[in-house]
Amino acid sequence: MSILFSLVFAVQASQGPVLSLDDAVAIAMNNAFSVQTAKSKYEQTRQQVNEAKAGLGPKVSLGATYTRFDRSIVAVLAPNTPAVTELPIGQKASSATLTWPIDISGNVSRGVRAAKATLSASNENINTVRNDLKRDVRRAYFQVAQAKEQVQVNEIALKDQQERLTNTQQQFDAGVLAKVDVLRQQVQVSQAQSNLLAAQNALELAHESFNNTIGRAVETPFDVQPSTTLPLVNSDNESLVKTAQSNRPELKALHETAIALAEITHAEERSLQPSLNLSITASHNYDPGFQSQKSQTVGVAALTLPIFDSGVTRARVKQDRQVQEQNRIQTAQVSLGISLEVRQAHTNLDNAKARLDVATAQVASAEETYRLAVVRLNAGQGILLEVIDAQADLTRARTGLVTARYDYMTAYSDLQRAVGNDDPQAAVQQPASGAKN
């Protein structure tokens, strides 16, 4: 085991800056298209809130008119007096109007509250995207780290095979081994070279996939930090599920949507309530004519009381209630799905830990088997085929250990996403703290 860690975690020449997992997540949060889209939708919803608030405020409008008649109208008020123009052939006028709706039914205020709840739901949707993105970034990061360590394992194997070939050739030249042993070892070297090439290609693909996940050019060079510590979760399923129900932004978004829908339904139920609008209009007539006012100001209070709408309101209320019912069903479905996700993620983590323990023991056993095979061969009591088999078993065991370790890290990232917190163990102790987004 010590040999594996001393060699596998050897520092290689980096092709770019070393990114920590936190660095990768930060880049993704800034670059990812999904987050940018969610933020744009949030801003759109925020402006809808502003629009709803504006419905409670006054509005001012300016107007200007020019009226042209086919002829003017004149009148003679008394004999031998000049004619008076009662209506000029053209009239110019301007006006300024202030209108102010009075929310006596409270429906405009309900619209504002519904818009605010929708805005909160939109913010939770951003957190949902972030929570999913973190999981995707972690998975992609671990794939790169795993591929890098697989390259290192294959480099170790190739080096051992090449050294073994040199020793075999020397023993053949000394007449100790047969030609077939040299040929067999040459095949092992060729196989190790092929395995290394495949591992290097897999690493290149993992690099490109990772860059795509965090939203940057796929050819961007970088290096990763190997995983040396494993996070542990000691909580039971019920505690984790309860924490997830409090943390997951999907549920929070649905709860906020339920608030918005309730306000909308209430507003529809009161749509037949009276409405009141106040207005003040100041007008100026530049060509008033005889006995017409040149300027005037008029105030109007308009009260509207809907009486009958042929069942339109009743139908809309029933529609809104069905939308509320659909939201309730979706909330129950998401809640149940979260419970299943958490339980599956926790079980997968336990299974990954068991496989990791087995893989660790297999590496220790394979290292000892290989050491003994080499000792017997050097002492003239073993055969080369035994060493070749032991070497192959050791390489497979080291590969299995790398896979098992990153399977565990991937399973842990799934649990982080399922619980909705970067530290599931800490979140269980403080479930009200919410997801770390």
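Are any of the residues in the stretch 372-379 of a type in the set (S, T, N, Q) and without any contact (Cβ under 8 Å) to a residue 40 or more places away in the chain? Full working, then the answer.
In the first step, residues of the stretch 372-379 are kept if they are of a type in the set (S, T, N, Q); the result is 378.
From what is left, the residues that are without any contact (Cβ under 8 Å) to a residue 40 or more places away in the chain are 378.
Yes, there is a match, as at least one residue in the stretch 372-379 is of a type in the set (S, T, N, Q) and without any contact (Cβ under 8 Å) to a residue 40 or more places away in the chain.
Yes/no matrix, rows are residues, columns are (1) more than 21 Å from Q330 (Cα to Cα); (2) in contact (Cβ under 8 Å) with a residue 60 or more places away in the chain:
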{"site": "D236", "(1), (2)": "yes, no"}
{"site": "A244", "(1), (2)": "no, yes"}
{"site": "L276", "(1), (2)": "yes, yes"}
{"site": "Y286", "(1), (2)": "yes, yes"}
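A count restricted to the stretch 362-379 and to residues that are touching a Leu at 6+ places or on another chain (Cβ under 9 Å) and farther than 26 Å from T403 by Cα stands at 1. Here is the figure for the stretch 329-350: residues that are touching a residue at least 60 places away in the same chain (Cβ under 8 Å) and either among the small types (G, A, S) or exposed (fewer than 13 other Cβ atoms within 10 Å of the Cβ) (or both) total 3. Only residues that are over 18 Å from N107 (Cα atoms) and either among the β-branched types (V, I, T) or touching a strand residue (DSSP E or B) at 6+ places or on another chain (Cβ under 6 Å) (or both) were counted across the stretch 298-329, and they come to 6. For T228, the requirement of being polar (S, T, N, Q) and either surrounded by 14 or more Cβ atoms within 10 Å (Cβ to Cβ) or modelled with pLDDT of 95 or more (or both) is not met.
A count restricted to the stretch 164-190 and to residues that are over 21 Å from A379 (Cβ atoms) and either touching a residue at least 24 places away in the same chain (Cβ under 8 Å) or of a type in the set (K, R) (or both) stands at 3.
When V375, V300 are screened for being exposed (fewer than 13 other Cβ atoms within 10 Å of the Cβ) and closer than 30 Å to G90 by Cβ, only V300 passes.
Need at least 2 residues that are hydroxyl-bearing (S, T, Y) and at pLDDT 75 or above per element, so show me which strands (runs of 3 or more DSSP E) inside the stretch 63-112 make the cut, counting only ones lying wholly within it. Lay out the reasoning, then the answer.
On the way: elements: 73-75, 84-87, 90-102.
Here the list reads 90-102.
Is it true that some residue in the stretch 260-278 is under 50 Å from the mean Cα position of the chain (by Cα), within 30 Å of K92 (Cα to Cα) and modelled with pLDDT of 90 or more?
So the first thing to find is which residues in the stretch 260-278 are under 50 Å from the mean Cα position of the chain (by Cα), and the list is 260-278.
Next, only the ones that are within 30 Å of K92 (Cα to Cα) stay: 277-278.
Restricting the remaining residues to those that are modelled with pLDDT of 90 or more gives 277-278.
Looking for residues that are under 50 Å from the mean Cα position of the chain (by Cα), within 30 Å of K92 (Cα to Cα) and modelled with pLDDT of 90 or more, one finds at least one in the stretch 260-278, hence yes.
In the set I329, I338, I388, only one residue is at pLDDT below 95 and assigned to a helix (DSSP H, G or I); that residue is I388.
Based on this model, can you work out whether L372 counts as modelled with pLDDT under 90 and assigned to a helix (DSSP H, G or I)?
For L372, the condition - modelled with pLDDT under 90 and assigned to a helix (DSSP H, G or I) - is not met.
Got a sec? Which of R396, R355, R417 is out of contact with any helix residue (DSSP H, G or I) (no Cβ under 6 Å at 6 or more places or on another chain) and in a helix (DSSP H, G or I)? Lay out the reasoning, then the answer.
On the way: R355 fails: out of contact with any helix residue (DSSP H, G or I) (no Cβ under 6 Å at 6 or more places or on another chain); R417 fails: out of contact with any helix residue (DSSP H, G or I) (no Cβ under 6 Å at 6 or more places or on another chain).
Within the list R396, R355, R417, the selection yields R396.
Looking only at residues in the stretch 91-113 that are charged (D, E, K, R) and within 28 Å of A282 (Cα to Cα), the one that is farthest from the chain's Cα centre (by Cα) is K92. Residues that are out of contact with any helix residue (DSSP H, G or I) (no Cβ under 7 Å at 6 or more places or on another chain), surrounded by 16 or more Cβ atoms within 10 Å (Cβ to Cβ) and not in a loop (DSSP other than H, G, I, E, B) within the stretch 209-225 comprise N211, D223, listed in sequence order. When P249, P221, P274, P226 are screened for being touching a Gly at 6+ places or on another chain (Cβ under 7 Å) and either more than 30 Å from N123 (Cβ to Cβ) or β-branched (V, I, T) (or both), only P221 passes. A count restricted to the stretch 19-52 and to residues that are acidic (D, E) and either surrounded by 18 or more Cβ atoms within 10 Å (Cβ to Cβ) or in contact with a helix residue (DSSP H, G or I) (Cβ under 8 Å, 6 or more places away or on another chain) (or both) stands at 1.
Answer with yes or no whether D223 is modelled with pLDDT under 95, closer than 30 Å to R343 by Cα and more than 23 Å from the chain's Cα centre (by Cα).
On the way: modelled with pLDDT under 95: yes; closer than 30 Å to R343 by Cα: no; more than 23 Å from the chain's Cα centre (by Cα): yes.
For D223, the condition - modelled with pLDDT under 95, closer than 30 Å to R343 by Cα and more than 23 Å from the chain's Cα centre (by Cα) - is not met.
Could you check, for the stretch 303-315, whether at least one of its residues is more than 18 Å from E250 (Cβ to Cβ), of a type in the set (D, E, K, R) and modelled with pLDDT under 95? Within the stretch 303-315, one or more residues are more than 18 Å from E250 (Cβ to Cβ), of a type in the set (D, E, K, R) and modelled with pLDDT under 95. Of Q161, Q200, Q193, all but one fail to be touching a residue at least 24 places away in the same chain (Cβ under 8 Å) and either outside any helix (DSSP H, G or I) or crowded, with 19+ Cβ neighbours inside 10 Å (or both); the exception is Q161.
Considering V387, V323, the condition of being surrounded by 17 or more Cβ atoms within 10 Å (Cβ to Cβ) and touching a helix residue (DSSP H, G or I) at 6+ places or on another chain (Cβ under 7 Å) is satisfied by V387 alone. Among the residues examined, G57 does not qualify as under 27 Å from the mean Cα position of the chain (by Cα) and either at pLDDT 95 or above or assigned to a loop (DSSP other than H, G, I, E, B) (or both).
The values are calculated or read from the model by the stated rules, or taken from the named source; none is laboratory data. The model shown is predicted, which means the values in this text are computed figures rather than measured ones. All Cβ positions, glycine included, derive from the backbone under ideal geometry; neighbour counts span all protein chains shown.
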